[in-house]
Every structure is written in structure tokens, then in C-alpha cells.
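One structure below.
Derivation of every value follows stated rules applied to the coordinates shown; laboratory data play no part. Just so it is clear, the structure is predicted and the values come from calculations on it, not from any experiment. Neighbour counts are summed over all protein chains in view; Cβ atoms, including those assigned to glycine, are modelled from backbone coordinates with ideal geometry.
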Amino acid sequence: MRAADEMEQRLLKVSATGALLFAVVAIVWGLAISSQVILFDGLYSFIGVLLSLTSLSAARFVRQTDEVRFPFGKEVIEPLVVTLQYLAIGAMCLFALFSAVGDLLQGGRPVNAGFAVLYGVVATALCLLVHLYLKRRGSGAGSGFVEAEANQWLVDGMLSLGVLFGFVVALVLSFTPLAAATVYVDPVMVILVCAYFLKVPVGQIRKTGREILAMAPDESLRREVARVVKDIEEEYGFDESFLRLSKVGGKLYVEVDYVVGDSASVRDVHGLDLIREKLDGRLETVQLSKWLSVSFTADRKWAL
């Protein structure tokens with residue numbers, strides 16, 4: 001197993017363990033002080049545990065070689081699983097949103113603001129620490145699974161920060177003539193937090209959807225590869241070059257077609273293989289696993 005794969009497995013286990021502990025604490029705390037937003041935070045984290053375990057199993061499945069059934073690799077499993085993760089997160093946010101609207105229409109929900117503030121401090125610190133750990137340690141793994149886990153912890157951390165801010169406001173209000181308004185703080189926070197963080201799963205689903213459909217990767221990556229392909233074209237005097245790229249999970253599929261004219265400096269098979277080797281070496285700067293296919297033709301129609 002590659003070092004990056006081992007790192008991915010360790011980080012996913014850390015995320016799953018942390019999410020389970022966080023979920024248990026939040027659910028118990030939320031039930032104890034009758035806070036819908038804290039209970040939502042715990043349920044959100046519990047779903048995160050299930051999703052982390054799914055990511056762990058999917059990552060292991062992707063790394064297992066099976067060239068007979070999957071001749072082009074299993075990398076599409078990664079964006080598929082990540083898409084399901086964000087669909088589950090989005091569904092959870094919508095459920096909590098409608099539940100909070102119901103509480104608001106029924107006159108609010110009384111909550112012990114002091115204990116809620118304490119929860120907010122502990123939860124925010126824990127979530128942001130795990131997020132930073134996964135982000136920094138996972139940067140070298142190049143894993144969409146770890147990136148999804150890190151984003152999930154960030155969302156949970158921002159949710160906890162929102163809880164902290166809201167209950168600090170409620171605690172202050174409880175000592176003023178507006179104390180009766182504190183019953184609306186909990187459902188209003190759920191509505192605001194859910195409405196805001198729905199954009200996270202929407203944005204990520206758009207990103208993974210592009211990978212599932214084998215669409216072109218982001219422009220900066222495309223320009224980097226195109227520059228290398230163009231340099232080879234000019235270096236060996238080829239008439240044209242055609243580049244097709246798609247990123248699926250942690251793998252970059254690179255298809256290059258060179259049109260070899262009379263002015264080309266290399267035309268024999270051995271020389272063309274050396275060009276393939278050179279192109280592959282220059283693409284080492286791209287920190288992704290690559291599926292490289294390089295073709296040479298004298299007839300332009302076969303490159304289109």
C-alpha cells in the first residue's frame with residue numbers, strides 16, 4: 001500500500017472516531033437541556049460517523065486492484081460516495097430547517113442558555129481542531145474522501161460557533177426585560193444555520209457531479225497540462241496537438257494526440273516512446289495519479 005493510501009486510511013479512522021464521540025456528547029447534551037439545535041448538531045455528527053465509515057470502506061475498495069471487472073479503475077466510486085455524503089447532509093439540514101420552523105410557529109423552545117454556551121465553546125474548539133488536523137495531514141494524500149471529511153468538520157465547527165453566538169445572546173437577554181424572547185433563540189438559530197450551510201452540500205455536489213460525468217478539471221490544472229503538451233509539440237516539430245482531460249476521484253485521465261507532419265524530428269516507434277516517457281516525466285509536477293494515453297498520427301482526422 002502506498003504511503004498516501006495508508007495516510008488516507010488513518011485520517012478517515014481519526015475522523016470516524018472523533019465524530020462518534022462528538023455525536024454521543026452532543027445528543028446527550030441536547031436532550032438534557034432540551035435544545036433542538038444541539039440535538040441537531042449531534043445527529044448531524046452521528047450521520048457523519050456513518051458517512052466516515054462508508055468513506056473508509058469505499059477507499060479500501062477503490063485501492064483493491066481488479067483489472068478484469070474494472071479495466072479503467074474504480075476511481076468513480078470516490079465522487080459517487082462523496083455525492084451521497086453531501087446528499088445526506090443536505091437532507092439533514094432540510095429536515096432540521098422544517099422542524100425549527102414548526103417550533104417557531106408553536107411559540108419557541110425554552111433552553112438553559114448557560115449550559116448551551118458551555119457546549120458551544122467545547123464543540124467549536126473540537127470541530128475546528130479536527131478540521132485543521134485533517135486539512136494539514138491530508139494535503140499530501142490527495143484524497144477526495146479526506147477532503148470531504150475535513151469540509152464536514154468545518155461545517156460542524158461553524159454550526160457549533162453559531163450555536164455559541166446564539167446562546168450568548170440568549171444568556172444576555174435573560175437578564176433584560178426581553179427575557180421572554182429567549183424561547184425563540186434555539187429555533188431561529190437552527191433556521192439560520194441550516195439555511196446558510198445548505199450551500200456547502202450544493203457546491204460540493206456540483207464539484208463531484210463534474211467528476212462523475214468525466215468533465216474537464218479546473219482551469220488551472222488544464223493550463224498546466226496543456227503547457228507541457230504544447231512544449232513537446234513545439235520541441236519535436238509536430239503539426240498539432242489535441243488534449244483531452246478529465247479528473248475522476250484522485251486520478252487524472254490524460255489523452256494526447258499529436259499530428260505528425262513532414263517537419264517532425266522524430267517518426268520511428270522507439271523515438272515516439274521516448275517522447276511518451278518525457279511527457280510522463282514532465283507531468284510529475286501534477287500531484288495526482290495519472291492515466292496517460294499518447295497517440296501519434298499522420299492523419300488529423302484520427303486526432304479529432
For the range 109-191, listing chymotrypsin sites (Phe, Trp or Tyr not before Pro) in a DSSP loop whose Cβ sees at most 13 other Cβ atoms within 10 Å gives 175
Which Cys residues of the chain have no other Cys Cβ less than 4.7 Å away and so no disulfide-compatible partner by this rule? 127
Listed here are the pairs 13/251; 74/199; 74/207; 199/290; 74/247; which of them are more than 21 Å apart at the Cα? 13/251; 74/199; 199/290
Taking amide H atoms as placed 1.01 Å from N in the peptide plane, list the residues 5 or more away in sequence, or in a different chain, whose amide H sits under 5 Å from that of residue 246. 253
Options (1) 52, 18, 15; (2) 40, 38, 18; (3) 34, 21, 18 are given for semi-axes √(5λ) of the Cα gyration tensor in Å, and the computed one is (1)
Can you tell me, using C-alpha contacts under 8 Å and at least 6 residues apart, the relative contact order of the range 219-303 as a whole percent? 33 percent
Kindly provide the trypsin sites (Lys or Arg not before Pro) of the range 206-281 that DSSP labels as loop, not H, G, I, E or B, and whose Cβ sees at most 13 other Cβ atoms within 10 Å. 267
Taking the Cβ of residue 59 as the center, what net charge do the other residues with Cβ under 10 Å away carry, scoring Lys and Arg +1 and Asp and Glu -1? -1
What percent do you get for the relative contact order of the chain when only Cα pairs under 8 Å and 6+ apart count? 18 percent
Loop sites in the range 1-104: trypsin sites (Lys or Arg not before Pro), DSSP, at most 12 other Cβ within 10 Å: 2, 69
5 angstrom amide H check on residue 294, placed H, neighbours 5+ away: 256
For the chain, what is the mean residue ellipticity at 222 nm derived from helices alone (per DSSP H run of n ≥ 4: -39500 (n - 2.57); sum divided by total residues; nearest 500 deg cm²/dmol)? -23000 deg cm²/dmol
³J(HN,Hα), Karplus 6.51/-1.76/1.60, whole Hz, each residue of the range 27-39, x for Gly, Pro: 5, 5, 5, x, 5, 5, 10, 6, 9, 5, 6, 6, 4
